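Asker: Structure incoming, see below.
The values are calculated or read from the model by the stated rules, or taken from the named source; none is laboratory data. Treat the numbers as computed from the prediction; the structure is a model and nothing was measured. Neighbour counts run over all protein chains shown; Cβ positions are idealised from the backbone, glycine included. To get the accessible areas, we keep the full protein, side chains included, count just its heavy atoms, and leave off ligands, DNA and RNA. Shrake-Rupley method; radii C 1.70, N 1.55, O 1.52, S 1.80 Å.
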Amino acid sequence: MERRSLRGAALALLVAAAVAQVNGVGKATGVQILGFDWKNCGKDDDPAVMKSLTLSPDPIQIPGDLNASASGSTSVELKAPLCVNVTLEKEVAGFWVKVPCVEQMGSCHYPNVCDLLNQLIPPGQNCPEPLHTYGLPCHCPFKAGSYFLPQSDFSLPNMDLPYWLTNGKYRVQGVLGCEQQELGCLLLTLALHSS
């Protein structure tokens, strides 16, 4: 399978959220993501559902190689404004402690993910690989239907991590939807270790 760059891909958003919204604060080398797991955390009738998500190897090395596959569906069109509420928690002494929103990192409300996607991938530009190859969209609106990313290889570059993103266990919950209308919910769990 051809090696592809993760920059700009929708999966990059997922990995970046799982590592707490990566920000240019300090270069970290030798970062590992261990024990990555996920589950839907919404209501049974939420229209947007992740059906499968596989990341390997375990641990994931940053920088390094990542193999990923995913599938999901939505029974409604996902269009702007498309809000996401992120709750980031770190395990401290056996308790989950909420990480506050600081400079748009941590437990934050994002009023329109469509705008963020447009900043990452300017409108009119082709979606990055492998999204382009498999006909997967990278801009709003996302039409109702099923989406599938077959197993694909990515190269993960060095990432700048916030100073407060220390070694430990994390939970990241993302709730999709605006104006009290939940469209979907995804809960990620992982451990982070950096040297």
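Asker: Could we say that Cys185 is open to solvent by less than 50 Å² (accessible area, probe 1.4 Å), assigned to a loop (DSSP other than H, G, I, E, B) and farther than 25 Å from Ile62 by Cα here?
Answerer: no
Asker: Of (1) crowded, with 18+ Cβ neighbours inside 10 Å; (2) under 21 Å from Val49 (Cα atoms), Asn112 satisfies all except one. Which?
Answerer: The number of the failed condition is (1).
Asker: Being modelled with pLDDT of 95 or more and open to solvent by 30 Å² or more (accessible area, probe 1.4 Å) is the filter here; which residues of region 162-174 pass it?
Answerer: Lys169, Arg171, Gln173
Asker: Report whether or not Met105 is in contact with a strand residue (DSSP E or B) (Cβ under 6 Å, 6 or more places away or on another chain) and at pLDDT below 95.
Answerer: Against the criterion (in contact with a strand residue (DSSP E or B) (Cβ under 6 Å, 6 or more places away or on another chain) and at pLDDT below 95), Met105 does not qualify.
Asker: Here's a follow-up. Can you tell me which residue among Asp65, Asp37 is open to solvent by 70 Å² or more (accessible area, probe 1.4 Å), modelled with pLDDT under 95 and either assigned to a strand (DSSP E or B) or closer than 18 Å to Gly168 by Cα (or both)?
Answerer: Asp65
Asker: Could you tell me which residue of region 40-62 is nearest to Ala191 (Cα to Cα), considering only residues that are at pLDDT 95 or above and exposed (fewer than 12 other Cβ atoms within 10 Å of the Cβ)?
Answerer: Result: Pro57.
Asker: When residues of region 143-161 are filtered for being among the aromatic types (Phe, Trp, Tyr) and open to solvent by less than 40 Å² (accessible area, probe 1.4 Å), how many remain?
Answerer: Number satisfying all stated conditions: 1.
Asker: Go through region 91-135 and count every residue that is more than 17 Å from the chain's Cα centre (by Cα) and not in a loop (DSSP other than H, G, I, E, B).
Answerer: 7
Asker: Within region 140-169, count every residue that is out of contact with any Cys (no Cβ under 7 Å at 6 or more places or on another chain) and assigned to a loop (DSSP other than H, G, I, E, B).
Answerer: Here the count works out to 12.
Asker: Of the residues Glu129, Glu179, which is more than 23 Å from Gly35 (Cβ to Cβ), modelled with pLDDT under 95, surrounded by 13 or more Cβ atoms within 10 Å (Cβ to Cβ) and not β-branched (Val, Ile, Thr)?
Answerer: Numbers: Glu179 fails: surrounded by 13 or more Cβ atoms within 10 Å (Cβ to Cβ).
Of Glu129, Glu179, the one residue that is more than 23 Å from Gly35 (Cβ to Cβ), modelled with pLDDT under 95, surrounded by 13 or more Cβ atoms within 10 Å (Cβ to Cβ) and not β-branched (Val, Ile, Thr) is Glu129.
Asker: Is it fair to say Leu120 is aliphatic (A, V, I, L, M) and open to solvent by 60 Å² or more (accessible area, probe 1.4 Å)?
Answerer: yes
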